[in-house]
Each structure stands twice: as structure tokens, then as C-alpha cells.
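Trainee: Sending over a structure as C-alpha cells; questions will come in a sec.
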Amino acid sequence: MPSLKDIRKRISSVNNTKKITRAMKLVSTAKLKRAQDAMGALKPYAGKYREMLGSLVGQLGGDAAHPLLEQRAEVRRIAVFVLTSDRGMCGGFNGQIQKALIRLRRERGVELVVYPLGKRIAKFVEKSDFELGEAFGEITPAATTETVRHITDTLVAAFLSGAVDEVVVLSNEFRSVIEQAAVARTLLPVAAVEQSGGEAAGDLIYEPGQQSLLAYVVPRYVEVQVRQAILESIAGEHAARMNAMNNATDNATEMIRALTLQANRARQAAITKELMEIIGGAEAL
Amino acid sequence: MAELRLEIVTPTGRVLDVMAGEVRAPGAAGELGILPQHRPGLIKLSGGAVAWTGAAAGEVLIRGGIAEIRPDGVLILADQAVRRADADRAEAQAILDAQAVAMAAETYLDDDHIFGFASSRAYAETILKG
């Protein structure tokens, strides 16, 4: 049985850990709020681009021609843009993406080229037998326009050059603060968007022409999808870390309670022992 | 006097939502004047200033985008937008410097990138003109 001193030392250590996990939870809560605001700010822009693309594709019908809309007859190689966090301490957030990547390879049965964003997945790919396309570095500073554009340009170039026949985004979808699920979504070719009929083509002005506008809207729509995946993943990471740290704080509280009980028992036993010794000594006299 | 609603939205949020008498915007094919009850359409925009008249008249500088015109309003989806008062001259100069480096490197650019390049240039020059 551990001594009273050992138990007290343990309580102090768990208490320190609890302080750290509680602080990390508070930091994640603040960061989550900012990440959710950024996600919300993108929503009207992303929604309108989707609507515009739907309207243009709807108006052009079968004439809607853009290389990023073309479905390839045979898919031999797939580029997978995978997003995780840079740091751990966020529960199963990164693990579920790694498992989903392995599952994706098994299910699709074709060659995958991985484009990681986030230190965790970059390390995993480095150690695995997955083919590496380009590592985009850390996710935390990646939500800038320049980085989003660079990632989009790289993925689009891989698709247009024929190096890959499809581009998939594998990331954690932010469903709620307590639920993030690994989801693989096709980025390229651009999936059929909901086509809105709206006004007849003749009633609308298209400057400088429908095809030219389509050529402008499609790449930006892809860019918006990339940005959305990054922002969702960042928000999901903070939510996952907040929950993980909340659970860790609760566990530490429970552990301190159990250890305190144990310490009280040990203290009581020591007092009883001492009393018995005094009584024993008195009786001997 | 009839008015139309002018909204400017960027990937980082809504920059403007006002009622305007007339809106002037830098169309890719030349300057654009939009009045209430304008024929609806989609119009590509280059970099420059979007100005509007009315009680809250003002100017927002955009770095290219697309405008959706409806009879009762204009929605501009801009790659980047900033109110004239908040425009950052250092950022504008940085854009021009980066472009000078890219031009010296003679990097190949497709049509979309050339348009983006020109829009960014127009945006930066409009800021620097003051």
C-alpha cells in the first residue's frame, strides 16, 4: 500500500495536470469560437458561388464545357487532399482520418497520391507506403487566401495534367461541437451541382458570355470548397480538443477525489496505529 | 427616389450591405453603371472601386469578383474587398512588388491567372492613388 506521502505527491501531480487540461480547454473554447465565426463568414459566399454555378450549368445545359467538370471514363489514380491537425491532444480526431485514408484505398482499389495538410497526417504518410504528392505544411496558418490558392492550383494542375483522374478531399466534417466525422468528398471533377432554372437565358445579361463566366466561376468554386474544408477541419480540431480536455479535467477531478479518500484512509490508519501503540505502551506500564 | 440594395461579400465575410441610388463598378469589359430595375445578369468584375450614391454614399475597393444583378439589388462576390478608409497602402505596395518579382521570373500564367493578376494590379493601384 502506498504511503500517505506518496498519495499526497500523486494528488499534487494530478492537480497540476488538471490545471493544464482546464487551461487547454479554455484556450480551445476561445479558438473554436473564432473558427466557427470564420466558417460562418464563408457560408454566404460559398452558397452564392454554388448557386451561380448551378444557374450557369443549368442555362448552358449540355454545352457547359469546362475541363474541371469533365468526368473521366476510367479512374486509375486519385489525388487525396487529407487534412488533420498539427498537434495531438484532440481525442480520435486525427486517428479517424488515418483510418479513413486506409479504408479509402481498400474501397477504391486504385492508386492514391496523398497531399497532406497538417503535421499529423504528414508524419503518418511519411512513415507509410502511400505515395506523397506535395505536403502543404501546417494547417494552422493555412486559411489565408495565398495558401488556399496555392493548394487549389496544385490540385487543379494535377487533375488537368492527367496525373490523377479524380481529386478527393478527406477531412473531418464539423457536424456539431461534439461530433466530427471523417468524410471523403469529390473535389474534382466538380460534382453536379443543383441546377437552378430561374429566368430564361435570353432574359439575363452575361458579361463577357456564359462560357467565359463558367471558366471564371468553376475554379473559384473549387477554391471555396478547399477553403471550406480547411476552416471546418480547424473548427473540428478545436472542438475535439475542447471535448478531450473537458473529459481529461473530469477524469482528473474524479482521480483526485479517489486519491483524497485513499489519503484520508491512510492517515486514519496511521492515527489508529499510533493510538494502539500508545495504549499498548500504557497497558505495559 | 427608387433605390437598390448593394451587398459586397468576400470569403472572410460581408463587407457591405447598403441601399443605394446608383452603383458604379469596374466591369471586366469596362465601367458599369447600375440603376434600380436594371436587367438581371451575371457580370465579371476586375479590380478597382465600387462606388454608390445615396444617403450612405461611399466607395469599396475590390480585387476582382463577380456581380449578380437583380432588379432590386446587386450582390458582388469579391475575392477581397476593403472600404476606402480602411485601405492599406503597405499591402497595396506589397502586391505590386510581388507582381514585379513574378513578372521578372516570367512564370507561365493561364487566362484566369492573367485576369487575376490584372485585377490585383488595378486594386493595388486604386489604393495607392488614394
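Trainee: Just to verify a number: FRET efficiency for residue A:146 and residue A:34, C-beta to C-beta distance, R0 = 22 Å, to 0.05? Working shown, then result.
Mentor: Details: r = 20 Å, r/R0 = 0.90.
Rounded to the nearest 0.05, the efficiency is 0.65.
Trainee: Shifting gears a bit: Have a look at the DSSP beta bridges in the protein assembly as shown and tell me what percent are antiparallel, nearest 5. Intermediate results must be reported in sequence, preceding the final value.
Mentor: Numbers: 44 of 66 bridges.
Beta bridges within the protein assembly as shown, antiparallel portion: roughly 65 percent.
Trainee: Can you give the accessible area per residue of chain B, in Å², using a 1.4 Å probe?
Mentor: Working: 6090 Å² over 130 residues.
Per-residue value: 47 Å².
Trainee: How many partner chain Cβ atoms sit within 10 Å of a residue's Cβ in peptide B:45-55, on average, as a whole number?
Mentor: Values: counts 2, 0, 0, 0, 0, 0, 0, 0, 0, 0, 0.
Shielding by partners across B:45-55 averages 0.
Trainee: Mind running the shape call on the stretch B:88-129? Use the C-alpha gyration tensor, a ≥ b ≥ c as the square roots of the eigenvalues: rounded below 1.5 for a/c, prolate if a/b tops b/c, oblate otherwise.
Mentor: On the way: a/c = 3.37, a/b = 1.58, b/c = 2.14.
It comes out oblate by the Cα gyration axes.
Trainee: Now for a separate question. Please give the charge dipole size of the protein assembly as shown, origin at the Cα centre, charges +1 on K and R Cβ atoms and -1 on D and E Cβ atoms. Round to the nearest 20 debye.
Mentor: Details: 49 positive and 50 negative charges, 496 e Å.
Value, rounded to 20: 2380 debye.
Trainee: Tell me the total accessible area that B and A bury against each other, 1.4 angstrom probe, in square angstrom rounded to 100.
Mentor: Working: alone 7250 and 15840 Å², together 20790 Å².
The contact between A and B buries close to 2300 Å².
Trainee: How much length is gained on full extension from residue A:89 to residue A:175, taking 0.36 nm per residue of separation minus their Cα-Cα distance?
Mentor: Values: separation 86, 0.36 × 86 = 30.96 nm, distance 1.98 nm.
Result for the pair: 29.0 nm of gain on full extension.
Trainee: Here's something else I'd like to know. With the cut-off at 14 Å, report for the stretch A:102-148 the share of all Cα pairs above it, as a whole percent.
Mentor: Percent of Cα pairs beyond 14 Å in the stretch A:102-148: 54.
Trainee: Dipole of the protein assembly as shown (Lys/Arg Cβ +1, Asp/Glu Cβ -1, origin at the Cα centre): which of A:75, B:27, B:6 lies farthest to the positive side?
Mentor: A:75
Trainee: Can I ask one more? Positive end of the dipole of the stretch B:1-116, charges at C-beta (+1 Lys, Arg; -1 Asp, Glu), about the Cα centre: which of B:58, B:45, B:103 has its Cα farthest in that direction?
Mentor: In the stretch B:1-116, that residue is B:58.
Trainee: Distance check, please: which entries in A:31/A:123; A:18/A:119; A:99/A:123; A:33/A:119 exceed 20 angstrom between their Cα atoms?
Mentor: Working: A:31/A:123 24 Å; A:18/A:119 26 Å; A:99/A:123 14 Å; A:33/A:119 23 Å.
Pairs exceeding the cut-off: A:31/A:123; A:18/A:119; A:33/A:119.
Trainee: Let me ask you something else. Using the Cα atoms of the stretch A:173-285, I'd like the radius of gyration and the largest Cα-Cα distance, Dmax, both in angstrom.
Mentor: Both quantities, over Cα of the stretch A:173-285: 33.9, 117 Å.
Trainee: Within chain A, which DSSP H helices have Cα atoms that stretch 24 Å or more along the helix axis and a mean Kyte-Doolittle hydropathy of at least -1.0? If you can, show how the numbers build up before the last one.
Mentor: Numbers: long enough: A:4-60 (80 Å, -0.42); A:210-284 (108 Å, -0.07).
What comes out of the filter, once short or polar helices are dropped, is A:4-60, A:210-284.
Trainee: Sticking with this structure for a sec: Could you calculate the contour length gain from residue A:15 to residue A:258, that is, 0.36 nm times the residue separation minus the distance between their Cα atoms, to one decimal place in nm? Let's see the in-between values first.
Mentor: On the way: separation 243, 0.36 × 243 = 87.48 nm, distance 1.26 nm.
Working it through step by step, the gained length comes to 86.2 nm.
Trainee: How many nm is it between the label spots at residue A:103 and residue A:127, if each spot is 7 Å from the Cα in line with the beta carbon?
Mentor: Here the modelled spin labels are 2.1 nm apart.
Trainee: Sticking with this one: Along the principal axes of its C-alpha atoms, what lengths does the stretch A:35-241 span, in descending order and rounded to whole Å?
Mentor: Sorted from largest, the Cα extents of the stretch A:35-241 read 56, 39, 28 Å.
Trainee: Next up: Pairing the Cα long axis of helix B:111-129 with the longest principal axis of chain B, what angle in degrees results, from 0 to 90 and rounded to the nearest 10?
Mentor: 80 degrees
Trainee: Please average, across the residues of B:36-43, the number of beta carbons from any other chain that are within 10 Å of each residue's own beta carbon, and give a whole number. Don't jump to the answer; show the numbers that get you there.
Mentor: On the way: counts 0, 0, 1, 3, 5, 7, 12, 5.
Taking all residues of B:36-43 together, the mean is 4.
Trainee: Applying 1/(1 + (r/R0)^6) with R0 = 56 Å to the Cβ-Cβ distance of residue B:85 and residue A:3, what FRET efficiency is obtained, to the nearest 0.05? Write down the numbers at each step before the final one.
Mentor: Working: r = 69 Å, r/R0 = 1.24.
Efficiency for this residue pair is about 0.20.
Trainee: Looking only at other chains, what is the average number of their beta-carbon atoms within 10 angstrom of each beta-carbon in B:2-11? Please report the intermediate quantities before stating the final value.
Mentor: Details: counts 0, 0, 0, 0, 0, 2, 0, 9, 5, 16.
Across the residues of B:2-11, the mean count of other-chain Cβ atoms within 10 Å is 3.
Trainee: Let me ask another. Report the local net charge at residue A:244: Lys and Arg +1, Asp and Glu -1, summed over other residues whose C-beta lies under 13 Å from its C-beta.
Mentor: Values: positive: A:22, A:25, A:87, A:241; negative: A:237, A:250.
Net charge around residue A:244: +2.
Trainee: Now a separate question. How would A:39, A:245 rank on accessible area, largest to smallest, probe 1.4 Å?
Mentor: On the way: A:39 45, A:245 10 Å².
Putting A:39, A:245 in descending order of accessible area: A:39, A:245.
Trainee: Compute the signed sum of charges (Lys and Arg +1, Asp and Glu -1) over the other residues within less than 10 Å, Cβ to Cβ, of residue A:255. Each step should come with its number before you reach the end.
Mentor: Details: positive: A:10, A:18, A:257; negative: A:250, A:254.
So the surrounding residues net to +1.
Trainee: A follow-up question, please. Once the protein assembly as shown is represented by equal point scatterers at the alpha-carbon sites, with solvent omitted, what log10 I(q)/I(0) does the Debye formula produce at q = 0.06, 0.08 Å⁻¹?
Mentor: -0.36, -0.56
Trainee: Classify the stretch B:4-84: rounded, prolate or oblate, from the alpha-carbon gyration tensor (a ≥ b ≥ c, eigenvalue square roots; a/c under 1.5 rounded; otherwise prolate if a/b is larger than b/c)?
Mentor: Values: a/c = 1.41, a/b = 1.13, b/c = 1.25.
Rounded, since a/c falls under 1.5.
Trainee: By the gyration tensor of its Cα atoms, with a ≥ b ≥ c the square roots of the eigenvalues, what is the shape of the stretch A:8-78: rounded for a/c under 1.5, prolate for a/b over b/c, or oblate? Spell out each step's value before the answer.
Mentor: Numbers: a/c = 9.44, a/b = 2.63, b/c = 3.59.
Oblate, because a/c is 1.5 or more while a/b does not exceed b/c.
The values are calculated or read from the model by the stated rules, or taken from the named source; none is laboratory data. Here the structure is a predicted model, which means the values were calculated and not measured. Note that we place each Cβ from the backbone using ideal geometry, even for glycine, and neighbour counts take in every protein chain shown. Accessible surface is based on the protein model in full, side chains and every heavy atom, while ligands, DNA and RNA are left aside. Shrake-Rupley method; radii C 1.70, N 1.55, O 1.52, S 1.80 Å.
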